[in-house]
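Below is one structure, written out as structure tokens; the observations come after it.
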């Protein structure tokens, strides 16, 4: 589960270290006929004065010269399509399980778009699952969706459907169950008396000191869960909300969110830019990490500027969970603002995402993906934000660190019965 309080997640994607970078819109390609141009992805017509977060529209027409409305990876000819379909079916089943819970019943009783109900979401997932399993091509699947479903498009950040996409992942680090000269930096379990702490809660610097090593002298004494080698690693785990740990005794485990102190996250990337250390334009996580590798003492300057603090629990290898309490699926789960967007629902996202090529380079491609809305985030606010879960480990982290682009978000709802 990502860093959240009750049902409001506070976990921040990597790119939000530098949130505020101006992102250009997806490039316009001259296509023919006109209905194949990039503008077809915008919300058509004028919006009503009483604006809802989602606007109903017809599915996007695909063109031979622009097949970016198709989730083509589901039907690749290299046998990876079976794994892709299995992952998507698994994610659908997890959403269906959530939708049977009292939490889902209560949430959908007050959902702001009256046409989107829990029962309709369930029927949409069940029918899409049938189509996914039985379709032989991306084109066939899309044709069935055009016939049986309608889209509800997010109005985005500009009321035209433009959505900013970032990504998050589950780090994998080496850790120790006991402190050593090498493993000095703890992550912490939720203190047993936390509910009795006076508010406002202590800030990060008050809890662990500027160097991250002073917590044993204060309220966090005895709550150390695991120790890590690098000052930045526990902080990165707090940002991502979970982690896989390779322990020094040869075993593996995992940790997940258990609580937080209630402060809003403060971007250390933006702080570096404010101090003139790095330019804000074009800043990415690899650039930030490289800066701190060259200037490690400055971690003790910039990490304490973020007052937020996260506590964890050991999950013994269980996968990362989203805010609807189901496991996340790599590249098939997204996080949105759950005060606006329908939890557990099926969505289609389209944006430029990074992929690792055969020669190890990072290449951005505009793609569409069917995903399940299963998580949320404290920095994921409004109709114009989506955070895309990319999985576990180094490659997922490298991709997440350079994911930032504008695109579109659609929810797929089965047409109502006449």
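Just one of the listed residues (32, 39, 49) is closer than 21 Å to residue 158 by Cβ, modelled with pLDDT under 60 and either surrounded by fewer than 16 Cβ atoms within 10 Å (Cβ to Cβ) or touching a helix residue (DSSP H, G or I) at 6+ places or on another chain (Cβ under 9 Å) (or both), namely 49.
Among the strands (runs of 3 or more DSSP E) confined to segment 335-396, the ones with at least 1 residues that are within 22 Å of residue 100 (Cβ to Cβ), touching a helix residue (DSSP H, G or I) at 6+ places or on another chain (Cβ under 8 Å) and in the same structural domain as residue 145 (by TED's automatic domain parsing) are located at 346-356, 362-375.
Results for (1) surrounded by fewer than 24 Cβ atoms within 10 Å (Cβ to Cβ); (2) within 20 Å of residue 155 (Cα to Cα), shown as yes or no for each residue.
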{"site": "361", "(1), (2)": "yes, no"}
{"site": "364", "(1), (2)": "yes, no"}
{"site": "374", "(1), (2)": "no, yes"}
{"site": "382", "(1), (2)": "yes, yes"}
{"site": "388", "(1), (2)": "no, yes"}
{"site": "391", "(1), (2)": "yes, no"}
{"site": "395", "(1), (2)": "yes, no"}
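Answer yes or no as to whether residue 160 is surrounded by fewer than 18 Cβ atoms within 10 Å (Cβ to Cβ), under 28 Å from residue 263 (Cα atoms) and at pLDDT below 95. No: the conditions fail for residue 160. Checked against the criterion of being in a strand (DSSP E or B) and either in contact with a strand residue (DSSP E or B) (Cβ under 7 Å, 6 or more places away or on another chain) or within 25 Å of residue 186 (Cβ to Cβ) (or both), the candidates 256, 250 yield just one match: 256.
Looking at segment 94-119, which of the residues that are in a helix (DSSP H, G or I) and over 23 Å from residue 417 (Cα atoms) is nearest to the chain's Cα centre (by Cα)? Taking the candidates together, the pick is 94. Looking at segment 176-217, which of its residues are in a strand (DSSP E or B) and over 15 Å from residue 233 (Cα atoms)? Residue satisfying the conditions is 189 alone. The selection criterion, being touching a helix residue (DSSP H, G or I) at 6+ places or on another chain (Cβ under 9 Å), surrounded by fewer than 19 Cβ atoms within 10 Å (Cβ to Cβ) and closer than 22 Å to residue 391 by Cβ, holds for residue 72. Being at pLDDT below 95, surrounded by 19 or more Cβ atoms within 10 Å (Cβ to Cβ) and more than 19 Å from the chain's Cα centre (by Cα) is a property that holds for residue 288.
Any residue in segment 291-305 that is part of a loop (DSSP other than H, G, I, E, B) and more than 28 Å from residue 66 (Cβ to Cβ)? Yes: segment 291-305 contains one or more residues that are part of a loop (DSSP other than H, G, I, E, B) and more than 28 Å from residue 66 (Cβ to Cβ). When we screen 143, 181, 175 for residues that are within 17 Å of residue 227 (Cβ to Cβ), without any contact (Cβ under 8 Å) to a residue 60 or more places away in the chain and either surrounded by fewer than 20 Cβ atoms within 10 Å (Cβ to Cβ) or under 25 Å from the mean Cα position of the chain (by Cα) (or both), the only hit is 181.
The values are calculated or read from the model by the stated rules, or taken from the named source; none is laboratory data. Predicted, not measured: the structure shown is a model, and the values here were computed from it. Cβ: placed from backbone, ideal geometry, glycine included. Neighbour counts: every protein chain shown.
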